[in-house]
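So the structure is just underneath, and the comments pick up after that.
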């Protein structure tokens with residue numbers, strides 16, 4: 001699947017051990033699904049979950065939703081078999097947890113072959129330190145933030161403003177932008193707290209994340225709204241682009257909208273907003 005114009009506002013984790021949840025995923029308005037074989041599945045259920053995810057992906061029916069499989073780490077008893085069983089069953093990408101350096105990515109790339117995109121979890125201090133080389137690998141298409149693990153590894157305290165995580169969050173976004181790949185924010189644990197979720201989504205959006213990972217379908221609507229362009233943003237983008245193009249055509253050289261000078265950088269940002277709005281509209285048509 002071409003992801004150049006695909007939205008990733010909402011990325012829902014679904015445990016591979018929950019058949020009914022995977023089936024429900026076919027109708028949920030989420031932009032992407034992570035079929036999880038790692039944290040969400042207990043050890044005694046991992047083999048069955050692997051088989052269930054493979055069967056679900058072969059069956060299909062997920063429409064435009066981007067399908068990611070989070071395998072177990074390659075250092076575990078299940079990781080290698082996860083990759084072997086799921087690399088050719090219809091997933092759009094493989095998500096590798098516990099990535100600490102680019103060597104982890106090279107190892108996975110050798111296992112999945114030349115075509116399947118790789119996404120990586122950034123969830124340890126060392127992965128943040130090594131993120132430039134990790135994100136620069138040609139097979140890496142997305143970075144997924146593991147905020148719970150980062151908080152644990154940093155021994156930091158939970159704060160609603162996420163101040164202890166800010167260096168890591170900003171570093172992840174900068175690495176993604178440098179490599180022109182997707183950056184997804186971490187989960188919000190209080191799945192019944194929509195106001196808190198909204199605030200954290202808006203913070204992640206303002207930092208530059210493309211979207212957010214979710215642990216419950218009830219979080220999708222809030223997240224989709226937060227990470228989608230607003231009508232005022234779309235209107236301003238259109239007017240800025242039109243004013244800039246008119247100034248070039250007329251030879252004025254300067255465009256002004258709402259009392260502010262419009263430069264080429266505003267046009268580029270506006271085009272990005274309009275492209276995302278079109279992609280969101282296309283997802284909604286399904």
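The values are calculated or read from the model by the stated rules, or taken from the named source; none is laboratory data. Here the structure is a predicted model, which means the values were calculated and not measured. Because the Cβ atoms are built from the backbone with ideal geometry, glycine has one as well, and the counts that use them run over all protein chains shown.
Number of residues in the range 91-123 that are in a loop (DSSP other than H, G, I, E, B) and either within 22 Å of residue 43 (Cα to Cα) or in contact with a strand residue (DSSP E or B) (Cβ under 7 Å, 6 or more places away or on another chain) (or both): the value is 8.
Name the residues in the range 33-49 that are part of a helix (DSSP H, G or I) and surrounded by fewer than 24 Cβ atoms within 10 Å (Cβ to Cβ), would you?
Just the residues of the range 33-49 that are part of a helix (DSSP H, G or I), to begin with: 43-49.
Hits for the range 33-49 are 43, 44, 45, 46, 47, 48.
Within the range 154-166, does at least one residue satisfy the condition of being surrounded by 14 or more Cβ atoms within 10 Å (Cβ to Cβ), assigned by TED's automatic domain parsing to the domain that holds residue 80 and over 21 Å from residue 205 (Cα atoms)? Yes: the range 154-166 contains one or more residues that are surrounded by 14 or more Cβ atoms within 10 Å (Cβ to Cβ), assigned by TED's automatic domain parsing to the domain that holds residue 80 and over 21 Å from residue 205 (Cα atoms). Could you list all residues from the range 172-200 that are part of a helix (DSSP H, G or I) and either over 22 Å from residue 4 (Cα atoms) or not assigned by TED's automatic domain parsing to the domain that holds residue 92 (or both)? Residues satisfying the conditions are 194, 195, 196, 197, 198, 199, 200. So is residue 239 assigned to a helix (DSSP H, G or I) and surrounded by 15 or more Cβ atoms within 10 Å (Cβ to Cβ) or not? When the stated conditions are applied, residue 239 passes them.
In the condition set (1) in a helix (DSSP H, G or I); (2) under 24 Å from residue 166 (Cα atoms); (3) out of contact with any helix residue (DSSP H, G or I) (no Cβ under 6 Å at 6 or more places or on another chain), residue 222 is compliant with all but (3).
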